[in-house]
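Every number here is computed from the coordinates shown, using simple stated rules; none is lab data. From a predicted model like this one, the values you see are computed outputs, not experimental measurements. FYI the Cβ positions are ideal-geometry reconstructions off the backbone, even for glycines, and counts take in every protein chain you see.
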Amino acid sequence: MTIDYLSRDQAPLNASEWAELDEAVRRVIANQVTGRRFLSLFGPVGAGVQVIPVDRTPGIDQGQVDMVGEVNDAVRLSSRIYQKVPMLHMDFMVFWRDIESSRTQGVPLDWSMAEAAAAFVAQAEDRLILEGDADDQVDGLLTVPGRQIRTAAAHGESGSGFHDVVKAVDDLSAAGFYPPYTVVVGPSLYAAWHRLYGNSGVLEIEQIRRLADQGVYVTPLMPAHSVLVLAAGAQNMDLAVGADAQVAYVESTSMNHRLRVMETLTLRIKRPGAICHIAPAKS
């Protein structure tokens, strides 16, 4: 028997209020998250799943070519690890007087606290994807051992961003990781890329987008002057989802009601060499 872990039937909200709340939470998370816009999604596998396998495979291998299929090699498994699937969550309050005035006076319920909780969960999701979580032994794109690391050129120089991305693409392709590529960058560096590239009459960001077939994504959680260039296909990495973002009822306290925005997921990095981390030079 499946346990109703959301306990939504204990909340004092009717069907239309739940629908408004769910839509508000989904809208905020969809607008704010960055990582899942370029990562393949695996699942959902269920909220109760606490660990999930991650298969590590070699960076470079070749498909077999012969006339009758006698060469019978296979993709090799370097290692299999079992990775935790953490829960990301933030609670918020719904006050009984707000519910009462909404129903008796027709005043719309204000879901701003739920939307704020959803924004915090979205931020936690992107931070987990980028930085991982040491306590739960989950690696992030910026922290996983085996990723490629190169030192950035002086970011103030014209064309430095484009040249950094070119070199990262060279590193990835030389290691057997081919297009499409994704670029992830912070807001200040992204803004700096909106300058003319030499005498071309073209913005530097447009030159970079020609290399980043899968897109250029901006997140304020990226460290200053750092860039990620990824071969982000599902064969290299994905986002394993246990339960996607949803709202649960927690408890009633002092006549008011505590609810929770929650999700469970983990980043599975199968081939760390598909990540090129362009880091600023150490001073």
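Listed values, structure above:
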{"quantity": "All-pairs Cα distance distribution in the range 91-176, expressed in whole percent, bin size 5 Å", "calculated": "3, 11, 11, 11, 11, 11, 9, 7, 7, 5, 5, 6, 2, 0"}
{"quantity": "FRET E, pair V218, V45, Förster distance 30 Å, beta-carbon r, rounded to 0.05", "calculated": "0.50"}
{"quantity": "Proximal charge balance of R147 [Cβ under 11 Å; K/R count +1, D/E count -1]", "calculated": "0"}
{"quantity": "DSSP H segments from the chain that extend 24 Å or more along their own axis, Cα-based, with Kyte-Doolittle mean of 0.0 or above", "calculated": "112-131"}
{"quantity": "Inter-label distance, nm, simple model (7 Å from Cα along the C-beta direction), H163/D244", "calculated": "4.4"}
{"quantity": "FRET efficiency for S254 and R103, using Cβ-Cβ distance with R0 set to 22 Å, rounded to 0.05", "calculated": "0.65"}
{"quantity": "In nm, spacing of pseudo-spin labels at A281 and A15 (7 Å Cα→C-beta vector)", "calculated": "6.6"}
{"quantity": "Calculated SAXS-style log₁₀ I(q)/I(0) at q = 0.09, 0.11, 0.13, 0.15 Å⁻¹ - the range 92-240, Debye, Cα scatterers", "calculated": "-0.42, -0.56, -0.69, -0.83"}
{"quantity": "Residues R209 and I149, FRET efficiency given R0 of 25 Å [Cβ-Cβ distance, rounded to 0.05]", "calculated": "0.60"}
{"quantity": "Estimated [θ] at 222 nm from DSSP helical runs (n ≥ 4, -39500 (n - 2.57)) normalised by residues in the chain, nearest 500", "calculated": "-9000 deg cm²/dmol"}
{"quantity": "Fewest-first sequence of E115, E251 by Cβ atoms within 10 Å of each Cβ", "calculated": "E251, E115"}
{"quantity": "Label selected from [x] 21.3; [y] 22.5; [z] 22.0, the criterion being Kirkwood radius over Cα pairs in Å as computed here", "calculated": "[x]"}
{"quantity": "Label point at R80 placed 7 Å out along Cα→Cβ; residues across the range 261-283 whose backbone nitrogen lies under 18 Å", "calculated": "268-271"}
